[in-house]
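Input: a single structure, listed below in structure tokens.
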Amino acid sequence: MFNNSTLGGCIQTYGSSRIKPATSCQQILIAYPTSSSGYYWVINSTGVAIQVYCRFDRFTNFTFFGLNSTNGFARVASVNLTSDTSQQCPPSLALTLQSGRRLCEETTGSACDSVTISTLGLRWQSVCGRVAGYEDGVANAFAGTSTSIDSPYVDGVSITYGSPRNHLWSYGIGAFESNQANGHNCPCSSGPAAPAFVGSSWYCESAVPTQNTYSGQKNIVYAMSDLLWDGQMCNTGEAACCLAPYSYQPWFCARLPSSTVTNLEMRLCSSNALTSENVGLEQWEFYVQ
């Protein structure tokens with residue numbers, strides 16, 4: 001259903017139909033500030049009118065991430081495998097059922113499995129997104145030997161764009177919540193720093209309390225009691241991982257130096273074999289402006 005509204009006795013036209021598409025979600029909000037989030041028609045970079053979900057509320061602190069204060073983002077991906085059982089994993093990932101929750105997990109150990117997030121041909125300069133997942137086994141955050149953006153530099157999720165790849169955000173998984181195995185924990189839990197190309201654009205958390213809780217066997221220890229990157233249950237040694245500047249998780253935002261029409265890339269990465277670690281995603285969501 002389209003969100004047409006009356007303004008000064010005139011019917012809103014921008015974005016209300018294929019024959020009168022808006023140039024962007026942002027244009028709709030600027031022209032009609034009281035518009036509600038919903039489906040509208042916008043024209044993409046190839047001149048084709050497409051129907052997209054425009055989000056007009058402030059769903060995170062845009063200013064903190066260096067974005068301007070104007071809302072109006074187009075949703076390019078929204079996956080929640082458990083709430084919508086019609087959704088399936090991308091071909092590069094495998095579906096697994098854990099404690100009644102449907103997750104997409106890696107299929108290739110010591111590497112990254114790539115998922116292309118189409119930006120629908122829209123021209124964009126700002127991007128916001130989030131992922132939600134669970135830890136299987138014991139990960140190593142940024143402690144792997146690989147430091148190239150094309151390698152499994154993080155145990156967790158890498159968000160990039162373009163070719164060659166440009167980094168947007170990383171979601172790391174540390175070994176333990178305690179200070180055991182510091183060399184494999186999150187940077188916010190006395191672990192190694194992220195590579196230079198990542199900078200401060202990362203979140204990191206572990207779901208394994210201590211080494212004693214790890215059985216060493218994959219698929220026995222999917223830690224389903226602790227959702228990663230939600231700003232909750234950062235216990236003992238990793239308490240700092242839920243405090244500022246990490247308190248806006250799971251959302252990240254980034255602004256590019258210039259606009260682009262390139263797609264996003266989401267990669268699930270592990271520095272070791274899947275018999276010792278994996279990550280399962282239940283949700284992911286991305287918006288561009």
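The values are calculated or read from the model by the stated rules, or taken from the named source; none is laboratory data. Owing to the predicted nature of the structure, the values given are computational and were not obtained by experimental measurement. Cβ placement follows ideal geometry from the backbone for every residue including glycine, while neighbour counts extend to all protein chains displayed. With ligands, DNA and RNA removed, areas are computed over all heavy atoms of the protein, side chains included. Shrake-Rupley method; radii C 1.70, N 1.55, O 1.52, S 1.80 Å.
Quick look at the values:
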| read-out | value |
| --- | --- |
| Long-range neighbours under 8 Å by Cβ, at least six apart or interchain, first residue within 20 Å of Y203 (Cα to Cα) within region 62-78, second open to solvent by 50 Å² or more (accessible area, probe 1.4 Å) and assigned to a loop (DSSP other than H, G, I, E, B) | F62/N68; F62/S69; T63/S69; F64/P245; F64/Y248; F65/Y248 |
| Those residues of region 250-289 which are among the hydrophobic types (A, V, I, L, M, F, W, C) and either part of a helix (DSSP H, G or I) or over 19 Å from the mean Cα position of the chain (by Cα) (or both), in sequence order | A273, L274 |
| Residue check for D230: of a type in the set (D, E), within 23 Å of N61 (Cα to Cα) and modelled with pLDDT of 90 or more | yes |
| Checking V157 against (1) surrounded by fewer than 21 Cβ atoms within 10 Å (Cβ to Cβ); (2) touching a residue at least 12 places away in the same chain (Cβ under 8 Å); (3) in contact with a strand residue (DSSP E or B) (Cβ under 8 Å, 6 or more places away or on another chain), the condition it does not meet | (1) |
| Members of region 233-249 found to be open to solvent by 20 Å² or more (accessible area, probe 1.4 Å) and assigned to a helix (DSSP H, G or I), listed by number | T236, G237, A239, A240, C242 |
| So S146, is it over 14 Å from the mean Cα position of the chain (by Cα) and open to solvent by 20 Å² or more (accessible area, probe 1.4 Å) | yes |
| Residue in region 67-75 that is assigned to a strand (DSSP E or B) and open to solvent by 30 Å² or more (accessible area, probe 1.4 Å) present | yes |
| Residues (more than 14 Å from N278 (Cβ to Cβ) and surrounded by 14 or more Cβ atoms within 10 Å (Cβ to Cβ)) located in region 93-105 | R101, R102 |
| Verdict on Y40 being touching a helix residue (DSSP H, G or I) at 6+ places or on another chain (Cβ under 9 Å), open to solvent by less than 20 Å² (accessible area, probe 1.4 Å) and part of a strand (DSSP E or B) | yes |
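Residue by residue, here is whether (1) modelled with pLDDT of 95 or more; (2) hydroxyl-bearing (S, T, Y); (3) surrounded by 24 or more Cβ atoms within 10 Å (Cβ to Cβ) holds:
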{"site": "Y171", "(1), (2), (3)": "yes, yes, yes"}
{"site": "N182", "(1), (2), (3)": "no, no, no"}
{"site": "G199", "(1), (2), (3)": "yes, no, no"}
{"site": "Q211", "(1), (2), (3)": "no, no, no"}
